[in-house]
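The structure appears right after this line, and notes come after that.
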């Protein structure tokens, strides 16, 4: 849309410059407009490429982070008990990982909200 409007304005400016008596003011305005258009278009091109690069980096980082998660099912929800502490106790007893501490886990959360209608506990992401 931006490029279309710029092209339309440039066409009008060229038409005015050709029908006018080639006044130095319109010719200078035409030159300034062309220079401004080139500058803005180059700037937009650079911004587009930077946005694409940033999007690729974010995708790469998110993929890398997702590769290091553990999903636990069947851990019963207990009101007032912190999820991380509950996970450590379950893993220490059921999976025989006694050296595991809450400091070993970067983040833990349930993948939903507890509700009275639900009979199954929500999975936990580590």
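Values in this text are rule-based calculations from the coordinates and carry no lab data. Note that the structure is a prediction, hence the values are computed from the model and not measured.
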Degrees separating the helix 2-19 axis from the principal Cα axis of the chain, which is the longest one: 10
Estimated 222 nm signal from helices in the chain, with DSSP H stretches of n ≥ 4 weighted -39500 (n - 2.57), rounded to 500: -20500 deg cm²/dmol
Mean separation of Cα contacts under 8 Å (6+ apart) over length of the chain, as relative contact order %: 21
Two-decimal log10 I(q)/I(0) for the chain, as the Debye equation yields it once each C-alpha is a single scatterer, q = 0.11, 0.14, 0.16, 0.19 Å⁻¹: -0.62, -0.78, -0.90, -1.04
Cα pair distances in region 71-125, grouped into 5 Å bins until the bin that holds the longest one, percent each: 4, 19, 30, 27, 13, 5, 2, 0
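Jot down the per residue volume, in cubic angstrom and as a whole number, of the convex hull over the alpha-carbon atoms of region 2-66. If you can, show how the numbers build up before the last one.
Numbers: hull volume 3.7 nm³, N = 65.
In region 2-66, the Cα convex hull volume per residue is 57 Å³.
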Semi-axis lengths (Å, descending) of the ellipsoid that matches the C-alpha gyration tensor of region 29-77: 49, 10, 4
